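Asks: Okay, here's the structure, questions in a sec.
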Amino acid sequence: MKIENIKVYDLEESIRASKFPMATNTNDCNSEITKTTINLASSEKGEGHDQWLTGVRVAFDLTFSNKAWVELERYRFVEFVSSQSTMHRISKFNLSKQYNEYVDTRIINIMEELKDKYNQSQDKEDYLKLLYSNPAGFELTARLTTNYRALKTVYSQRKNHRLPEWQELCKWIETLPEFKKLVLKEE
């Protein structure tokens, strides 16, 4: 797993907006992190008090395995901006570099053979054998956007997951500006 090109938007503006519900004059609201701001951000999922976290947008490039992508895509917390395409490029990738360390080298060798066979024949059946034989440890990169509220849910559901990629992603979430302080109530 790899995360690159990270951008966090509107953190200060959203902290300020978190104070709107109790304000009679929004001009008096500021981006200071207060006990109330932290209590709202760290409230139980589903209570709605953490709604302001949706304003803290996060964009990043994520390289994940096919197995992890399948799990990520079932959630509605991430928007795909663009991604590498197995359909368009499976026969062009350097496959030995696309698989994570858990893919058996014998399988990689078989995949290289299937790729070579398709590239020589250009036969539809050879292409489908290559495509459908691709193991779960195949890694692709996508540009994603999400927000702190969604990442709060991801963190709580995946921090102890069996797949190491999820644990790594959760460790990365902890590094986002003020995330630990706001959501996890840690300094």
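Asks: Please give the number of the condition residue 53 fails out of (1) closer than 23 Å to residue 101 by Cβ; (2) among the hydrophobic types (A, V, I, L, M, F, W, C); (3) in a helix (DSSP H, G or I).
Replies: (1)
Asks: Output yes when any residue across the stretch 23-31 is farther than 30 Å from residue 128 by Cβ, touching a His at 6+ places or on another chain (Cβ under 9 Å) and assigned to a helix (DSSP H, G or I), and no when none is.
Replies: no
Residue by residue, here is whether (1) over 20 Å from the mean Cα position of the chain (by Cα); (2) modelled with pLDDT of 95 or more; (3) in the same structural domain as residue 157 (by TED's automatic domain parsing) holds:
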| position | (1), (2), (3) |
| --- | --- |
| 38 | yes, yes, yes |
| 63 | no, yes, yes |
| 72 | no, no, yes |
| 111 | yes, yes, no |
| 118 | yes, yes, no |
| 125 | yes, yes, no |
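Asks: Identify, by number, the condition in (1) touching an Asp or Glu at 6+ places or on another chain (Cβ under 9 Å); (2) in contact (Cβ under 8 Å) with a residue 24 or more places away in the chain that residue 96 doesn't meet.
Replies: (2)
Asks: Those residues that are surrounded by 12 or more Cβ atoms within 10 Å (Cβ to Cβ), hydrophobic (A, V, I, L, M, F, W, C) and in a helix (DSSP H, G or I), I need them from the stretch 68-101; list them, please.
Replies: 68, 69, 72, 95
Asks: Please determine whether any residue of the stretch 155-168 is in contact with a His (Cβ under 8 Å, 6 or more places away or on another chain), assigned to a helix (DSSP H, G or I) and over 21 Å from residue 41 (Cβ atoms).
Replies: Yes, the stretch 155-168 contains a residue that is in contact with a His (Cβ under 8 Å, 6 or more places away or on another chain), assigned to a helix (DSSP H, G or I) and over 21 Å from residue 41 (Cβ atoms).
The values are calculated or read from the model by the stated rules, or taken from the named source; none is laboratory data. Here the structure is a predicted model, which is why all the values come from computation and not from measurement. Don't worry about glycine lacking a Cβ; one is built from the backbone with ideal geometry, like all the others, and counts go over all protein chains shown.
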